[in-house]
């Protein structure tokens with residue numbers, strides 16, 4: 001049998017919809033000039049790459065994670081947690097979160113009792129009280145009679161979105177998928193750790209990367225993957241997550257470098273990786289690879305410089321709540337009794353309109369250039385503090401208490417600090433461009 005052949009044609013993405021429709025209307029199929037496509041070894045037939053990506057050092061690998069082979073910088077990697085009920089288990093207020101979790105547990109535990117007395121004619125999906133958010137896994141716990149008990153220690157601050165923290169209730173039953181995050185930050189025990197988060201495979205947005213020192217979820221970035229510096233065993237003891245194999249590779253590559261012989265710690269490699277993943281030349285060259293595969297890392301000539309950049313970037317990104325505030329100008333107009341929250345960015349005029357009463361101006365153009373995905377860091381803050389009606393009907397009815405006015409001054413301060421982080425991050429990235 002003759003193998004299938006693939007032919008491809010595309011119009012420019014920039015072409016307006018009307019022009020595309022007109023082109024199809026006026027063009028005969030036999031007149032279309034198709035290109036024959038030969039898929040690569042990995043089955044990709046669009047956006048093919050021709051670079052040295054396969055020759056670089058893997059950041060992580062499934063076989064290495066399973067202990068079947070060596071050959072990656074990190075042994076453990078994990079997706080961010082998946083809750084399937086964010087509105088129940090995250091909140092800006094610890095008090096509000098506690099009330100939500102207690103209600104959730106009361107309803108769930110009542111359903112366990114009711115199920116135990118039922119004749120089991122209905123399946124659980126048709127039986128349970130839909131006042132809370134159920135999943136197939138939660139229904140499985142109900143069938144097993146696994147009761148929930150509130151534990152205050154399970155409430156942690158988490159990194160919900162870039163530069164946004166929320167309280168999170170981390171529990172093996174309520175959390176839909178914990179993956180390996182209990183080995184990274186623990187449950188009731190709070191493990192100290194540093195984690196490089198990056199957007200996972202098949203992400204639709206540009207590659208993004210951000211360091212955290214608190215638990216993060218799958219949607220923290222996009223399909224978030226986590227690379228911890230340490231992994232904790234069942235007794236709470238930390239172990240290096242950067243492999244000895246990787247350390248040996250770096251030491252061999254930089255054997256003639258006095259800097260590497262003096263500073264060959266795994267933490268320096270951790271910082272080096274973080275810097276490389278921020279390098280705009282790296283992201284551009286391997287753009288298509290990073291959408292399909294885990295990152296791989298090249299050996300740059302000046303290890304010390306890249307490690308220093310990574311350390312500086314990490315310090316900025318982890319300590320964004322305490323960096324110096326950028327001196328934005330604040331204009332308060334005569335107050336309206338009930339100002340409407342707006343939280344809109346005007347990049348052209350370098351202005352942020354917070355509400356009917358207040359706006360911030362003199363935002364440096366550089367600040368908008370620091371992006372995570374399709375949004376700048378400043379826009380992430382604005383988006384997350386907007387007033388939105390919860391989608392869950394029970395949450396909307398009983399816990400729709402968020403008002404921007406209650407957090408306004410906190411947001412003003414946060415925007416000023418994130419502005420500093422953005423500007424300083426772009427300064428480092430500009431230095432990378434010059435060296436690249």
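Structure values in brief
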item: Odd one out for residue 188, checked against (1) surrounded by fewer than 16 Cβ atoms within 10 Å (Cβ to Cβ); (2) more than 22 Å from residue 61 (Cβ to Cβ); (3) touching a residue at least 40 places away in the same chain (Cβ under 8 Å); result: (3)
item: Number of the exception - residue 226 against (1) closer than 15 Å to residue 160 by Cα; (2) in a strand (DSSP E or B); (3) out of contact with any helix residue (DSSP H, G or I) (no Cβ under 8 Å at 6 or more places or on another chain); result: (3)
item: Residue list for region 95-106, filter: in contact with a helix residue (DSSP H, G or I) (Cβ under 9 Å, 6 or more places away or on another chain) and surrounded by fewer than 16 Cβ atoms within 10 Å (Cβ to Cβ); result: 99
item: Residue in region 178-189 that is closer than 29 Å to residue 126 by Cα and outside any loop (DSSP other than H, G, I, E, B) present; result: no
item: Cβ-Cβ under 9 Å pairs, at least 6 apart or on other chains, region 230-247 side farther than 20 Å from residue 270 by Cα, far side modelled with pLDDT of 95 or more and assigned to a strand (DSSP E or B); result: 233/239
item: Which listed residue is under 23 Å from the mean Cα position of the chain (by Cα), at negative phi and in contact (Cβ under 8 Å) with a residue 12 or more places away in the chain, from 435, 414; result: 414
item: Any chance residue 304 is touching a helix residue (DSSP H, G or I) at 6+ places or on another chain (Cβ under 9 Å) and either part of a helix (DSSP H, G or I) or not assigned by TED's automatic domain parsing to the domain that holds residue 155 (or both); result: yes
item: Candidate set: region 149-169, residues that are under 16 Å from residue 212 (Cβ atoms) and out of contact with any strand residue (DSSP E or B) (no Cβ under 6 Å at 6 or more places or on another chain); chosen: the one surrounded by the most Cβ atoms within 10 Å (Cβ to Cβ); result: 163
item: Which listed residue, of 417, 375, 359, is under 26 Å from residue 210 (Cβ atoms), out of contact with any helix residue (DSSP H, G or I) (no Cβ under 8 Å at 6 or more places or on another chain) and at pLDDT 95 or above; result: 417
item: Number of the condition not met by residue 268 [criteria: (1) in contact (Cβ under 8 Å) with a residue 12 or more places away in the chain; (2) closer than 25 Å to residue 200 by Cβ]; result: (2)
item: Verdict on residue 409 being assigned to a helix (DSSP H, G or I) and either in contact with a helix residue (DSSP H, G or I) (Cβ under 6 Å, 6 or more places away or on another chain) or surrounded by fewer than 18 Cβ atoms within 10 Å (Cβ to Cβ) (or both); result: yes
item: Tabulated pairs, region 342-365, first at negative phi and not assigned by TED's automatic domain parsing to the domain that holds residue 376, second modelled with pLDDT of 95 or more and outside any strand (DSSP E or B), C-beta under 7 angstrom, 6+ apart or interchain; result: none
item: Tally of residues being touching a helix residue (DSSP H, G or I) at 6+ places or on another chain (Cβ under 8 Å) and either within 20 Å of residue 351 (Cα to Cα) or loosely packed, with under 13 Cβ neighbours inside 10 Å (or both) across region 316-326; result: 5
item: Residue check for residue 291: modelled with pLDDT under 95, closer than 24 Å to residue 159 by Cα and either touching a helix residue (DSSP H, G or I) at 6+ places or on another chain (Cβ under 6 Å) or surrounded by fewer than 20 Cβ atoms within 10 Å (Cβ to Cβ) (or both); result: yes
item: Any helices (runs of 4 or more DSSP H) falling wholly within region 328-405 and containing at least 1 residues that are in contact with a strand residue (DSSP E or B) (Cβ under 7 Å, 6 or more places away or on another chain) and crowded, with 17+ Cβ neighbours inside 10 Å; result: 365-369, 377-384
item: Selected residue (criterion: nearest to the chain's Cα centre (by Cα)) from residues of region 132-158 that are within 15 Å of residue 174 (Cα to Cα) and touching a residue at least 60 places away in the same chain (Cβ under 8 Å); result: 155
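Matching residues to (1) more than 30 Å from residue 406 (Cβ to Cβ); (2) modelled with pLDDT of 95 or more; (3) touching a helix residue (DSSP H, G or I) at 6+ places or on another chain (Cβ under 7 Å):
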site: 56; (1), (2), (3): yes, yes, no
site: 88; (1), (2), (3): no, yes, yes
site: 92; (1), (2), (3): no, yes, no
site: 111; (1), (2), (3): yes, yes, yes
site: 125; (1), (2), (3): yes, no, yes
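Yes/no matrix, rows are residues, columns are (1) within 23 Å of residue 309 (Cα to Cα); (2) in the same structural domain as residue 425 (by TED's automatic domain parsing); (3) surrounded by fewer than 19 Cβ atoms within 10 Å (Cβ to Cβ):
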site	(1), (2), (3)
212	yes, no, no
217	no, no, no
222	no, no, no
227	yes, no, no
231	no, no, no
234	no, no, yes
251	yes, no, yes
255	yes, no, yes
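The values are calculated or read from the model by the stated rules, or taken from the named source; none is laboratory data. Treat the numbers as computed from the prediction; the structure is a model and nothing was measured. Cβ atoms come from the backbone with ideal geometry, glycine included; neighbour counts cover every protein chain shown.
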